[in-house]
Each structure stands twice: as C-alpha cells, then as structure tokens.
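Colleague: To start, I am sharing the structure in question, which I have written as structure tokens.
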C-alpha cells in the first residue's frame, strides 16, 4: 500500500467542471486554491443530486445552499414525482483519502434534525435558506414523504462506525415502522462510478421487440419467450451494435467452425435456423407487454428496458455477416428468451448466474468467465476515461495491444508477476488458463482463495494495472528482440524466462508505482536498462545452475515454481553484488 493519490481523483474535478462551471458561481472571496476547493465541494453536492434523482443540471445547481448558517446541509432538493426530499452534505477531499470529519457528520445530523422538527432558526444565517423556507415547509407536508440524507465525499476510505451510528440513531428516532428517513454515504468509488457509467445497467436503454408464438410467464421472474424474425433481430443488432451484447461473456469471434456452420444455415436454409440454433437468451431491467397483445398467443410486442443479450453473440454476429445490407427480408426465425430482473434485490448476481449458466453449453474458455467479474468492468470503465482501451472480452474486432490498447492476457501476465507467489509466475508458462480459475486452491486462512482473486485484487487501482502492463510491454519487446538474434538454448531462455525477468523488474524498480497514468520517458528508459541488466544476471544464474547446457529445456525450468525461486534468489544476489557483465553473443548455441 502506498500513499499515491487515487487514480480516480484525476477524473473528478474535470467532470465537475464540465457539468457545473457555467451553473455554480465561484466563491466571492479567498485564495484561488480556496475558491477552487469551494467550487468543487459545491459542485459535488449538485452532481450527487444529478445522478441520484435524475434532475437537470440547472435544478441540481439551484439546489445548492452551502454557506454560513447552512446547518451542515450543502444542498436540498425535492422530487415531486415520488415525494422525496434529498439532503446532501459534500466534502471534496483533494488527496482522495480519508472521510468526513466526525464534527461535520454531527453538524449534518443536527441540521437534518432541526429541519424535520421545523426549527428553521438553525438556518437564519443563510440567505439562500431563508428564501427556501416557505417551499421547504410545503415539502414537509407532502403525503407519504420520504427523506434521503446523503453524505458524498471524494475519499477512498469507508465511513467509520462512529459517523454511521449518528445517523442510525437519527433514523431510529424518526422512523416508525416505515422508511421515512434514510441515510447513505457515497465515497470516491461511487462517484467515479457515476462518471464512468459503471453503476448503470449494461445493454440498450429501451428496445422494441416483436416475439411470435410467444409464451409469457409472470412468476417468479417475468419472462417472454418465443421466436423472432431473423431480419428483425439483425436490424436491432445493426442499430445498437455492441451495446446489445454488452453483458455477454464474449464478443463475436468471427470465423470459427461453429460460426461457419451457423453462416451456412443462415444463407442456404434460413427457415431451418430456428431448429438448428440455440437462439438468444437476454435479460433486462424490466419489460412491458403491449396492452393489445397481453391475451394474444400469436405475438407479444415487448418493450424491454436495459436489455442485453447474454447468450447468442456468435449467432447475432454471424447473422449480421450473412445479411449485411439493411432492409434485407429473410424467411427465417431464431428463438429468444427475455428475462426481467425487476423486483430482484440481487439482480446483478442473478444476471451473472444467467450469463454463466446459459454459456456452459457452449465452447467457453475459463478466460471468458473472467469477463463476468465486476473488477474487469471497473478497470475498463476507469481507463476508458483517459483513452486507454482494456479489452477484457475477446472478439474478432479486438485490436493488437499498443500504447492505448491492452487485453486480459496482458493484465494477467503483469499482475501475476507483481505477486510474490512463484506459482503464478510459473503458471504463465505451464498452465496460464488456470490463472483465471475460480477454484479455491489456497487455505481458508488466506485473504484470497483462488488464483484469479489473488491476481485481480479489488485493491489494485486501474492506474497501477496499466503502468504494470506498460512495463510488461517493454520487457516483451526487449526479450523478443534478444530472442531474434539468439539461437538454441539461449533463444529458449529469452522466450521462457521473460516473466521471471518482469517479476524481478517489479521488485527492483517498481515502475507500476507513480501518479502519472503513462510511464514517463525516464522511467521507460530506466526499464530498458534494468531489463538488460536483469536478463544478463539471470542468464549467468541460469548457466551456473546447470541449465545452460540444454538439459532440461528452458520451458520446463521456468514452468517450475521451485526452479523459478532458485533462479530469482541467485539473480537478486548477483544484482546486489554489482552490474553483471553481458555474455558473449555466441554463448549457449
């Protein structure tokens, strides 16, 4: 753990300024730094309302009451659609660490208490509050009123129990077998989720689908299933693209044996596709069946909100390839199932189970199931803000890794080498797919029970991951260059020893640490120099251990955790003793 400023903080201020700079006035006095912090705190209060209530930017900005005599309440907003009164306290913490002070929490609690008891004297010193009091009095009389108290702050730490208890006591006082008053804290992770959209459901916001010969099951989970015309579903995929399969376990893989067979059927006998294809499984946040079709067994016109196809990406991609021209009429159908998640408290977990279970029947790699982990979505969403594309789902459109693109393999290699466990480094050679396994292999006393969890720890920031991947890319390029000019045992050494070299680089240099997202030029130069130094020392240790003679083969050596650890210790000793001398080019032929 380091004291680096959380990566998420680099996105907060720009997002607040982009949304509210024209709507939230600057403080009338103070230094430029104080004015900046004042603006960001006020804008943060408004931003939380924007995201939590769905109000407009202007309405959120107008809700700000921050200032002297505000009773610890920085924004107040009433939503007439559901008779909800929102009360917000915000804290912009520039270093991204910590939490609201206990005194601030107590002040917020006292302000809420005074407001709900009609004691408006607590707000006498605030001009904005004085103008709002008549409206607030009316809001408090709204039928079935609910009050939502929100503490929003740009700190990575969770709110401590002593702060939480303050609001639990307040809730117990005002709630009488109902949920009149509720309290929720939102820290840096939640705020960044609002910015990246990771808190939103995947899929198409609203989509119309006509399902023929449809069955409609309303309990326990509302579901419509039947068949849909090929040209209809292809047009929907053409219109919405990847968003329609956002929650799918993988992207369209292009030409494969299975997809080629689907393509042949779709082109030559589309009327048979319904019988020869597994069809599409999808889920949505909620669905509505057209009123006139509720009793119609022949068709169901369905409006689905937040719809995503979770099994059938290969079918959709192949059908679009078969019928690339918009407006093509096709005499054929595919089956479809649409499951509504409405009303399920564990909707995200249930959605994951649907995706996982419906894909077990297909040729799915263990790597594909890693795409269901929320950590992967978080990493991708955060880095995308800065133009870095993380392709954790594989498809035929996945680009090669470069200065702004990387994939799940790249991240796995870099993070496995960051760990102290030599098993992980060795498995990069011997059994890489096992690193994506969710099988529990570590003792119950360990924090992480699976190899996947140990590699993709929630505490790993997206910035750390991308910096580690950049270092990995440099090592890979240098070792490939060295391997091209080598032969025999030495060539095999460069091909198989590169991950141990990367592991030693992380220990000696720590390029994954730093505030910048991109590795600075001096760091890149230093990595190149250090890689050559490490590879020279490792080769000497490799020869001294008797591996340089050609038996056993380099692959078996670097696939052994015990041999990796022996070579690591020997190499570290050589590096500590001084810069090793580069061997002659002909060594190891």
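The values are calculated or read from the model by the stated rules, or taken from the named source; none is laboratory data. Keep in mind that what you see is a predicted model, and the values were worked out from it rather than measured. Methodologically, a virtual Cβ is constructed for each residue, glycine included, from the backbone with ideal geometry; neighbour enumeration extends over all protein chains shown.
Colleague: Is it the case that the stretch 497-520 has a residue that's over 30 Å from the mean Cα position of the chain (by Cα), buried (at least 22 other Cβ atoms within 10 Å of the Cβ) and under 21 Å from residue 575 (Cβ atoms)?
Modeller: Yes - at least one qualifying residue is present in the stretch 497-520.
Colleague: Please go through the stretch 417-441 and give me each residue that is closer than 24 Å to residue 556 by Cα and either within 19 Å of the chain's Cα centre (by Cα) or outside any helix (DSSP H, G or I) (or both), ordered by number.
Modeller: Keep residues of the stretch 417-441 that are closer than 24 Å to residue 556 by Cα, which gives 417-437, 441.
Within the stretch 417-441, 419, 420, 421, 431, 436, 437, 441 qualify.
Colleague: Here's something else I'd like to know. For the stretch 42-56, does any single residue satisfy the condition of being part of a loop (DSSP other than H, G, I, E, B) and in contact with a strand residue (DSSP E or B) (Cβ under 9 Å, 6 or more places away or on another chain)?
Modeller: Step one: of the stretch 42-56, the residues part of a loop (DSSP other than H, G, I, E, B) are 54-56.
Those still in the list that are in contact with a strand residue (DSSP E or B) (Cβ under 9 Å, 6 or more places away or on another chain) too: 54-55.
Yes, because at least one residue in the stretch 42-56 is part of a loop (DSSP other than H, G, I, E, B) and in contact with a strand residue (DSSP E or B) (Cβ under 9 Å, 6 or more places away or on another chain).
Colleague: Here is a follow-up. Of all residues in the stretch 305-326, which are crowded, with 18+ Cβ neighbours inside 10 Å and out of contact with any helix residue (DSSP H, G or I) (no Cβ under 7 Å at 6 or more places or on another chain)?
Modeller: 306, 307, 312, 317
Colleague: What are the residues in the stretch 95-141 that are within 14 Å of residue 78 (Cβ to Cβ) and assigned to a loop (DSSP other than H, G, I, E, B), if any?
Modeller: Those that are within 14 Å of residue 78 (Cβ to Cβ) and assigned to a loop (DSSP other than H, G, I, E, B): 140, 141.
Colleague: Count, please, the residues in the stretch 281-299 that happen to be in contact with a strand residue (DSSP E or B) (Cβ under 6 Å, 6 or more places away or on another chain), modelled with pLDDT under 90 and outside any strand (DSSP E or B).
Modeller: 1
Colleague: Is one or more of the residues making up the stretch 356-370 within 28 Å of residue 206 (Cβ to Cβ) and at pLDDT 70 or above?
Modeller: Step one: list which residues in the stretch 356-370 are within 28 Å of residue 206 (Cβ to Cβ), which gives 356-359.
From the residues that got through so far, the ones that are at pLDDT 70 or above too are none.
Taking every residue of the stretch 356-370 in turn, none turns out to be within 28 Å of residue 206 (Cβ to Cβ) and at pLDDT 70 or above.
Colleague: On to the next question. Hey, among the residues in the stretch 442-469 that are in contact (Cβ under 8 Å) with a residue 60 or more places away in the chain and in a helix (DSSP H, G or I), which one's surrounded by the fewest Cβ atoms within 10 Å (Cβ to Cβ)?
Modeller: 464
To keep it simple, each residue is scored yes or no on (1) assigned by TED's automatic domain parsing to the domain that holds residue 184; (2) surrounded by fewer than 23 Cβ atoms within 10 Å (Cβ to Cβ); (3) in a loop (DSSP other than H, G, I, E, B).
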residue: 30; (1), (2), (3): yes, yes, yes
residue: 33; (1), (2), (3): yes, yes, no
residue: 60; (1), (2), (3): yes, no, no
residue: 68; (1), (2), (3): yes, yes, yes
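Colleague: When residue 480 is evaluated against the numbered criteria (1) free of Cβ contacts under 8 Å to residues at least 60 places away in the same chain; (2) assigned to a helix (DSSP H, G or I); (3) surrounded by 14 or more Cβ atoms within 10 Å (Cβ to Cβ), which criterion, by number, is the only one it fails?
Modeller: The failed condition is (3).
Colleague: Any idea which of (1) in a strand (DSSP E or B); (2) more than 25 Å from the chain's Cα centre (by Cα); (3) surrounded by fewer than 23 Cβ atoms within 10 Å (Cβ to Cβ) is the one residue 334 doesn't satisfy?
Modeller: Here residue 334 meets the rest and fails (3).
Colleague: Next question, about the same structure. Of 210, 269, which residue is touching a helix residue (DSSP H, G or I) at 6+ places or on another chain (Cβ under 9 Å), in the same structural domain as residue 313 (by TED's automatic domain parsing), surrounded by fewer than 14 Cβ atoms within 10 Å (Cβ to Cβ) and at pLDDT 90 or above? Write out each step before concluding.
Modeller: Values: 210 fails: surrounded by fewer than 14 Cβ atoms within 10 Å (Cβ to Cβ).
None of the others qualify; the one that does is 269.
Colleague: Return a yes/no flag: does the stretch 218-236 have any residue that is assigned by TED's automatic domain parsing to the domain that holds residue 315 and under 30 Å from residue 383 (Cβ atoms).
Modeller: Initial filter on the stretch 218-236 (assigned by TED's automatic domain parsing to the domain that holds residue 315): 218-236.
From what is left, the residues that are under 30 Å from residue 383 (Cβ atoms) are 236.
Looking through the stretch 218-236, at least one residue is assigned by TED's automatic domain parsing to the domain that holds residue 315 and under 30 Å from residue 383 (Cβ atoms).
Colleague: While we're looking at this one, here's another question. What about residue 16, is it in contact with a helix residue (DSSP H, G or I) (Cβ under 8 Å, 6 or more places away or on another chain), in a helix (DSSP H, G or I), assigned by TED's automatic domain parsing to the domain that holds residue 79 and buried (at least 17 other Cβ atoms within 10 Å of the Cβ)? Working first, answer last.
Modeller: Values: in contact with a helix residue (DSSP H, G or I) (Cβ under 8 Å, 6 or more places away or on another chain): yes; in a helix (DSSP H, G or I): yes; assigned by TED's automatic domain parsing to the domain that holds residue 79: yes; buried (at least 17 other Cβ atoms within 10 Å of the Cβ): yes.
Here the answer is yes, as residue 16 does meet what is asked.
Colleague: Another question about this same structure. Can you tell me which residue is nearest to residue 7 (Cα to Cα) among those in the stretch 191-207 that are part of a helix (DSSP H, G or I) and modelled with pLDDT of 90 or more?
Modeller: Start the filter on the stretch 191-207 by keeping residues that are part of a helix (DSSP H, G or I), which leaves 191-196.
Restricting the remaining residues to those that are modelled with pLDDT of 90 or more gives 191-192, 194-195.
Working: 191: 13, 192: 10, 194: 15, 195: 13 Å.
Checked the stretch 191-207; the qualifying residue nearest to residue 7 (Cα to Cα) is 192.
Colleague: Quick one: in the stretch 72-82, of everything that is at pLDDT 90 or above and assigned to a loop (DSSP other than H, G, I, E, B), which residue is surrounded by the most Cβ atoms within 10 Å (Cβ to Cβ)?
Modeller: Restricting attention to the stretch 72-82, the residues satisfying the condition of being at pLDDT 90 or above are 72-79.
After this cut, where a residue has to be assigned to a loop (DSSP other than H, G, I, E, B) as well, the list is 72-74.
Values: 72: 21, 73: 24, 74: 27.
Only one residue tops the list, namely 74.
Colleague: Continuing with the same structure: Just checking, which of 234, 258, 329, 302 is part of a loop (DSSP other than H, G, I, E, B) and either surrounded by 15 or more Cβ atoms within 10 Å (Cβ to Cβ) or in contact with a helix residue (DSSP H, G or I) (Cβ under 7 Å, 6 or more places away or on another chain) (or both)? Full working, then the answer.
Modeller: Numbers: 234 fails: part of a loop (DSSP other than H, G, I, E, B); 258 fails: part of a loop (DSSP other than H, G, I, E, B); 302 fails: part of a loop (DSSP other than H, G, I, E, B).
When all the criteria are applied, what remains is 329.
Colleague: If I filter the stretch 276-292 for residues that are farther than 28 Å from residue 350 by Cα, surrounded by fewer than 21 Cβ atoms within 10 Å (Cβ to Cβ) and in contact (Cβ under 8 Å) with a residue 60 or more places away in the chain, do I get at least one hit?
Modeller: No, the conditions are met nowhere in the stretch 276-292.
Colleague: State which residue pairs qualify: first residue assigned by TED's automatic domain parsing to the domain that holds residue 140 and modelled with pLDDT under 90 and inside the stretch 116-127, second residue assigned to a loop (DSSP other than H, G, I, E, B) and surrounded by 13 or more Cβ atoms within 10 Å (Cβ to Cβ) in any location, beta carbons under 7 Å apart, and separation of 6 or more residues or different chains.
Modeller: 122/71; 124/69; 125/69; 126/65; 126/67; 126/69; 126/70
Colleague: How many residues does the stretch 1-12 contain that are surrounded by fewer than 18 Cβ atoms within 10 Å (Cβ to Cβ) and in contact with a helix residue (DSSP H, G or I) (Cβ under 6 Å, 6 or more places away or on another chain)?
Modeller: Number of matching residues: 1.
Colleague: Residues to consider are 344, 348; find the one that is over 25 Å from residue 431 (Cα atoms), assigned to a loop (DSSP other than H, G, I, E, B) and at pLDDT below 65. Write out each step before concluding.
Modeller: Values: 348 fails: assigned to a loop (DSSP other than H, G, I, E, B).
Answer to the check: 344.
Colleague: Output the number of the condition that residue 162 fails; it satisfies all remaining conditions of (1) part of a helix (DSSP H, G or I); (2) buried (at least 16 other Cβ atoms within 10 Å of the Cβ).
Modeller: (2)
Colleague: Which one of these does residue 30 not meet: (1) on the phi > 0 side of the Ramachandran plot; (2) in contact (Cβ under 8 Å) with a residue 24 or more places away in the chain?
Modeller: In the conditions (1) on the phi > 0 side of the Ramachandran plot; (2) in contact (Cβ under 8 Å) with a residue 24 or more places away in the chain, residue 30 misses (2) alone.
Colleague: Inspect the stretch 452-469 for any residue being within 21 Å of the chain's Cα centre (by Cα), under 20 Å from residue 560 (Cβ atoms) and assigned by TED's automatic domain parsing to the domain that holds residue 543 and give the result as yes or no. Walk me through it before giving the result.
Modeller: First, pick out the residues of the stretch 452-469 that are within 21 Å of the chain's Cα centre (by Cα): 452-469.
Filter once more, keeping what is under 20 Å from residue 560 (Cβ atoms): 454-455.
Applying the additional criterion that residues be assigned by TED's automatic domain parsing to the domain that holds residue 543 yields 454-455.
Scanning the stretch 452-469, I find at least one residue that is within 21 Å of the chain's Cα centre (by Cα), under 20 Å from residue 560 (Cβ atoms) and assigned by TED's automatic domain parsing to the domain that holds residue 543, so the answer is yes.
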